[in-house]
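The values are calculated or read from the model by the stated rules, or taken from the named source; none is laboratory data. Keep in mind it's a predicted model, so treat the numbers as computed, not measured. Note: ideal-geometry Cβ built from the backbone for every residue, glycine included; neighbour counts use all protein chains shown. For the accessible areas, the whole protein counts, side chains as well, though only heavy atoms, and no ligand, DNA or RNA atoms are used. Shrake-Rupley method; radii C 1.70, N 1.55, O 1.52, S 1.80 Å.
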2 protein chains.
Amino acid sequence: MATQGKRTRIEDIRRVELIAAAHRVFLEHGLQGMTSARICREAGMSPGILAYYFKGKDEVLFGMVRYNNRLLMEDVIARLAAAQTHWARLEAIVEGNFPAQAFTRPIASAWISVCAEAGVNEQYARLQRVFHRRLRSNLASVFGGMFDAVRLQEASLIVAALLDGLWLRKAVADDIGRDEAITLVFTGIRSLVSDKEEKLLRSGRGHKRAAPRRQQ
Amino acid sequence: MATQGKRTRIEDIRRVELIAAAHRVFLEHGLQGMTSARICREAGMSPGILAYYFKGKDEVLFGMVRYNNRLLMEDVIARLAAAQTHWARLEAIVEGNFPAQAFTRPIASAWISVCAEAGVNEQYARLQRVFHRRLRSNLASVFGGMFDAVRLQEASLIVAALLDGLWLRKAVADDIGRDEAITLVFTGIRSLVSDKEEKLLRSGRGHKRAAPRRQQ
DNA sequence: TAGATTTTTGTATGCTCATACAAGATTCTA
DNA sequence: TAGAATCTTGTATGAGCATACAAAAATCTA
């Protein structure tokens, strides 16, 4: 058994391959449809392999959710780095939460099924909370210098709920497109800030710019 | 077989009992935990009985979702009937979507699991759409005379998404109470309408009052 | 290359659950 | 009350699945 010191390389490779396969299966079939057999088939391996590299299905699942969150986060962080004004940072956050190819019904539905599971399984809930906290912290870094604590809390909760609600609608009714969703979020945001505040956010010299949070 | 004309009474009684039991099980254990055996036990009957009164589990499930929606709807309709001003109608709609005893984590989580299923099963999606359409139609009956078509569409989508998003947060993080949620929705709504418009809504003589829709 | 170690395969086991059904209990009817 | 119709029970069947595992294949080591 190679446990200490020099780790055998193939183990890490297989684990990543399997998690990536699990991710693809998840996006297509949701949490329900993500069976061991399907994951292995997707990865081009034999059905028993999963039990060799993972303690159980839960381990694959947590790995998969983390993998997914990391992908989304990297995108948002790249967009944030390129943003010059606070308004651009806001666009980065909102657009990053509606990835161009990913705002589809099956993906929305898959994501919602994780939220449903989080209501029952405390470990999933923790993963989701980490994700959410970062979203709100990013929003806070935009609104922070402008709003007092109460209004900041309110505004970031409302925007976060709006994002979630639109994903939910996508899953249930699929009657909304990506651009429409983004437009709606900005309609909501513009109504939450005054004209003077919006001008400030667009100017890029409004107030001190806080660093984005890096968690996980 | 008593099929035509005078229906045997007991059949209807049992079906309602079983659906009510299914509803209770659903609220406590979610869609996953709602097994045939548990439903029958909850109803105080033998495990085989379900197959006698229903064609399959799906039939119970659809019945249960309809039952749930009807309960919520009756509440909103009663509140709407008592409302004197447009603003009061708005309060009726929003508060009706956060039933006092029902804004709990397990119930939120159960409801989210139905939404997740709706992403996969077209029949569930239809049920959810009926529900949603009525919500938006109720909102439209408040905003209708005041907003043009585009703004009406936007506002009702945003408010609906906000409601959904707060339920989702309840399921995932459970870091928000009923009163807080209602306050947040009204913060959002107040920012969507101008001061002049809000005054109009509160006056009760703002514009023609449309009848609430009665579907299903 | 022989033998040890690691990796992969395919299948077996056991669990949960929906559904079917035979047989028993109850209620109705004449 | 006899017999028919209706209702209820308990269990059997089989599907779908996670997980365990024996054995085969591949790779490493000396």
Rounded to 10°, Cα long-axis angle of helix A:122-143 versus longest principal axis of chain A: 30 degrees
Phi-based couplings in Hz for segment B:35-43 (Karplus 6.51, -1.76, 1.60; Gly and Pro marked x): 8, 3, 4, 5, 4, 5, 4, 4, 7
Candidate residues A:124, B:67: accessible-area rank, largest first, probe 1.4 Å: B:67, A:124
Most mobile listed residue (B:63, B:48, B:30) in chain B, GNM with C-alpha springs under 10 Å: B:48
Listed residues B:97, B:121, B:68, most fluctuating in chain B (Gaussian network, C-alpha, under 10 Å): B:121
Kirkwood-based Rg to Rh ratio, the protein assembly as shown, C-alpha trace: 1.01
7 Å along Cα→Cβ, label-point gaps from residue B:24 to other copies, nm, shortest first: 4.8
On Cα atoms only, tilt of A:178-192 relative to the major axis of chain A in degrees: 40 degrees
Area hidden from solvent between A and B (accessible, protein heavy atoms only, 1.4 Å, total, Å²): 3200 Å²
From the C-alpha gyration tensor of segment A:59-203, square roots of 5λ in Å: 26, 17, 15
Summed side-chain charge close to residue A:47 - residues other than residue A:47 whose Cβ falls under 11 Å, Lys, Arg +1, Asp, Glu -1: +2
Of all chain B residues, the one whose C-beta is nearest the axis that brings B onto A, in angstrom: B:165, 2
1.4 Å probe accessible area per residue over segment B:35-117, in Å²: 45 Å²
For A:125-132, mean number of other protein chain Cβ atoms within 10 Å: 3
Label geometry 7 Å along the beta-carbon vector: residue A:46 inter-copy distances in nm: 4.7
Residue-averaged 222 nm ellipticity for the protein assembly as shown, from DSSP H runs of 4+ at -39500 (n - 2.57), nearest 500: -24000 deg cm²/dmol
Heavy atoms of residue B:169 accessible to a 1.4 Å probe, total area in Å² rounded to 10: 10 Å²
21 Å tail of the calculated P(r), segment A:34-136, as % of Cα pairs: 47 percent
Degrees, to the nearest 10: A:9-33 long Cα axis against longest axis of chain A: 70 degrees
Inter-copy separations for residue B:10, label at 7 Å along Cα-Cβ, nm, ascending: 6.6
Inter-chain shielding of A:153-163 (mean C-beta neighbours from other protein chains, 10 Å cut-off): 6
Chain A: most fluctuating residue of A:58, A:174, A:75 per GNM, C-alpha cutoff 10 Å: A:58
Cα-based Lys proximity count in chain B, under 27 Å, for pairs eight or more positions apart or on separate chains: 4
Mean projection area, nm², convex hull over Cα of segment B:8-54: 2.9 nm²
Minimum 40 Å² accessible area buried by the other protein chains, segment A:169-193 residues, probe 1.4 Å, relative to alone: A:169, A:172, A:184, A:187, A:191
Percent carbon-and-sulfur accessible area, segment A:9-54, ignoring ligands, DNA and RNA, probe 1.4 Å: 54 percent
Phi to ³J(HN,Hα) by Karplus 6.51 cos²θ - 1.76 cosθ + 1.60 over segment A:144-160, Hz, x for Gly, Pro: x, x, 9, 9, 6, 4, 5, 5, 4, 4, 4, 4, 6, 5, 5, 5, 4
